[in-house]
Amino acid sequence: MKGLMHRIVRGLDWFLFESCDPRVVPILRIGFALMIIIQALVLWPDAGYWFTDSGVMRTQTAREILGPGSWSLLYYLPSEPWVVQSALAIWIVNGALMLVGFYSRVQAAAIFVWLVSFQNRNPSIHDGEDTVFRIFAFLMVWLPLDAYWSIRKRGESLEPRQDSKNRADRSVGRCVAADAWALRLFQVQMTAIYASTALSKLEGSTWNDGTAVWYVSRMTDNFGRWISASWLDQPYASELATYGTLAIECFLPFGLWIPRLRWLAICLGVLLHLGIEFSMNLFLFQWVMILGLIAFVKLPTRVCSNT
Amino acid sequence: MKKIAIRIASVLFCIGVLIDTTPESILWLWRTKAWVHPVLERLGLSQGDWPLFAPNPVLNNGVIVAELSDRNGNPATWTSTDWEKASAWTKFYRFRHMNYHQRLTNTHLAAVDFAEYLRLAVPDRESAVGSIRWSQDNQMLDPAPIEPPVREVKLYKYRNSIVLEEGQALPRLEQTIWSTQINFLARSDAQP
């Protein structure tokens, strides 16, 4: 029993502390910060409209819709447009500081609080994309965000690390695999999304008879960005798109975890999201999902002749 | 000590996420989900399952329409953006508006607030178009300008759905027959 526990803990330690590539973290940081700034800028002109009592939803209504467990800083601040715009301004500053890598973990924590606060203040304008942003912000807090490409670590390059050098890397302030354990939580989160949607789709009659994407193409408010709905008029096109989507979403929860299949899974995932991005107007959802797939990337190790 | 805390927190996070994202159709997990979700909500980490166009896509095309009457009883109509005709750029920077109009049917409380907002916002902050009126002898009269305050607002969703007969093959885009269903959402009256 003791031996089994020891092996479980050893396996967990390998999973969390020894097998992630911390060099992808700055890519996550920069991509996330850019998108979070865009989010705030889009909300800015309608701050009073969405988030004050003189707008479309009163604070009391938001609380009734979400129940007693919800919280938001905006519940307690004065319900005035200038207050909301001030909060958005701080949010944008947090995003900008994260973008350049200035105490990014603190910025991530602040962004998480803002995201929860704004999403809970008006749940009617938010959707799954906002949930992904919120969870990612929370996970960012635990990543070594400023280890590379940040104003706090200027000149730091993405060089390979060997486990035997971990101690030395730490001593010079560099990042090692053990610091990037929260990447595993990103990976679990992404897997859960794909598995959940695949399981839900497997129950749907239109996903089983190959017509689901035809129906999606008739969602004319969202569909038809650069791919016309008429492209899916041919039954084989609709079936290909439907079964292709279903196959990729069923494959990703497994493929992303199998080292030999990981790159294939990441490429298929990116293709899926780009396909949706080109055909539908869903704001930043596809881009934040692509960002999440980057958490699975292991960059190739470069051989340095001078080491 | 730090390592132990990370181990425990990571395992708890993974278990919480996996339970919370399990589709609601998996009934045996229902009780556990009902317990886990509120805990995650308090932490700001709730998400629920991910039914992206599942189990079947739901057509949600259409516009929100508000029928108003002003202080003199003159009728007017407010209509939301017709998103089908909006440009890709408009759909991007006004995405929140599109999302809101599509989701307003889901929550009655939100619709009530929106009806109340329109009652107070027309004509200063929101523009509405005067409707044709009928005289007492049934003659058609030109629309009258709206005189605030607005007395009553009735909010509707004009939902466009596809007409499909049983056994019929899925029609081509230009042959698709659309029908409009009108769903009442909410009403707001001025206090006497």
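The values are calculated or read from the model by the stated rules, or taken from the named source; none is laboratory data. These numbers come from a predicted model, not from an experiment. Note that we place each Cβ from the backbone using ideal geometry, even for glycine, and neighbour counts take in every protein chain shown. The area values use the complete protein model at the heavy-atom level, side chains included, leaving out ligands, DNA and RNA. Shrake-Rupley method; radii C 1.70, N 1.55, O 1.52, S 1.80 Å.
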Springs between alpha-carbon atoms under 10 Å, Gaussian network over chain A: tell me which of A:N94, A:N122, A:N222 tops the mean-square fluctuations. A:N222
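So if I place +1 on the C-beta of Lys and Arg and -1 on the C-beta of Asp and Glu, and nothing else carries charge, what would the dipole magnitude of segment A:1-142 be about its Cα centre? I want it in debye, nearest 20. List each step's numbers first, then the result.
Values: 10 positive and 10 negative charges, 115 e Å.
The calculated dipole for segment A:1-142 is roughly 560 debye.
Can you give the FRET efficiency to the nearest 0.05 for B:A5 and A:R260, using r as the Cβ-Cβ distance and R₀ = 35 Å? Write out the running numbers ahead of the final one.
Numbers: r = 34 Å, r/R0 = 0.96.
Rounded to the nearest 0.05, the efficiency is 0.55.
Taking GluC sites (Glu not before Pro) as exposed when DSSP calls them loop (any state but H, G, I, E, B) and at most 10 other Cβ atoms lie within 10 Å, what is the longest stretch of chain B free of them, the sites themselves excluded?
Working: sites that count: B:E165, B:E166.
Longest site-free region, per DSSP loop and neighbour criteria: B:1-164.
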Work out how far the C-alpha atoms of segment B:78-144 reach from end to end along every principal axis, then list the three figures in whole Å, largest first. 48, 30, 23
B:V129 paired with B:A34, simple spin-label distance in nm, labels 7 Å along Cα-to-beta-carbon: 4.9 nm
Gain in length, A:K2 to A:Q60, computed as 0.36 nm per residue apart minus the alpha-carbon separation, to one decimal in nm? 15.5 nm
Enumerate the lysines that B:K85 could reach by cross-link, defined here as Cα to Cα under 22 Å, with residues fewer than 8 away along the same chain left out. B:K157
If the reach is capped at under 26 angstrom between alpha carbons, list the lysines near B:K3, excluding any in the same chain fewer than eight residues apart. A:K2, A:K153, A:K165, A:K298
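For the protein assembly as shown, how big is the tail of P(r) above 29 Å, as a whole percent of Cα pairs?
On the way: 71211 of 124251 pairs.
Across the protein assembly as shown, Cα pairs with separations above 29 Å total 57 percent.
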Distance between modelled label sites at A:I90 and A:R225, nm, 7 Å Cα→Cβ extension: 3.3 nm
Dipole of the protein assembly as shown, positive end: most advanced residue of A:P259, B:I26, A:T211 [Cβ charges, Cα centre]: A:P259
Heavy-atom accessible surface that A and B bury in contact, both chains counted, 1.4 Å, Å² to 100: 6500 Å²
Computed Kirkwood radius, in angstrom, where 1/r is averaged over Cα pairs of segment A:1-152: 17.0 Å
For the pair B:L164 and B:V58, how long in nm is the line joining their label points, each one 7 Å along Cα→Cβ? 1.7 nm
Taking a ≥ b ≥ c as the square roots of the Cα gyration tensor eigenvalues, with a/c under 1.5 meaning rounded and otherwise prolate when a/b beats b/c, else oblate, which class fits segment B:98-192? oblate
Signed unit charges on C-beta, dipole axis of chain A, positive-most listed residue A:P235, A:L246, A:M98: A:M98
Roughly how many percent of the accessible protein surface of the protein assembly as shown is carbon and sulfur, given a 1.4 Å probe and a whole-percent answer? 61 percent
At most 10 other C-beta atoms within 10 Å and a DSSP loop state: those are the exposed trypsin sites (Lys or Arg not before Pro) I care about. Give me the longest piece of chain A that has none. A:1-153
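Which chymotrypsin sites (Phe, Trp or Tyr not before Pro) in segment A:209-277 sit in a loop by DSSP (not H, G, I, E or B) and have at most 10 other Cβ atoms within 10 Å of their own Cβ? Provide the component values of the computation, followed by the final result.
Numbers: sites: A:W214, A:Y215, A:F223, A:W226, A:W231, A:Y236, A:Y243, A:F251, A:F254, A:W257, A:W263; in loops: A:W226, A:W257.
Counting only loop positions with at most 10 other Cβ atoms within 10 Å, the chymotrypsin sites (Phe, Trp or Tyr not before Pro) in segment A:209-277 are A:W226.
Per the helix-only calculation at 222 nm, which mean residue ellipticity applies to chain A, given -39500 (n - 2.57) for every DSSP H run of n ≥ 4 and division by its residues, nearest 500 deg cm²/dmol?
On the way: 15 runs with 185 residues, N = 307.
Roughly -19000 deg cm²/dmol at 222 nm, from the helical runs in chain A.
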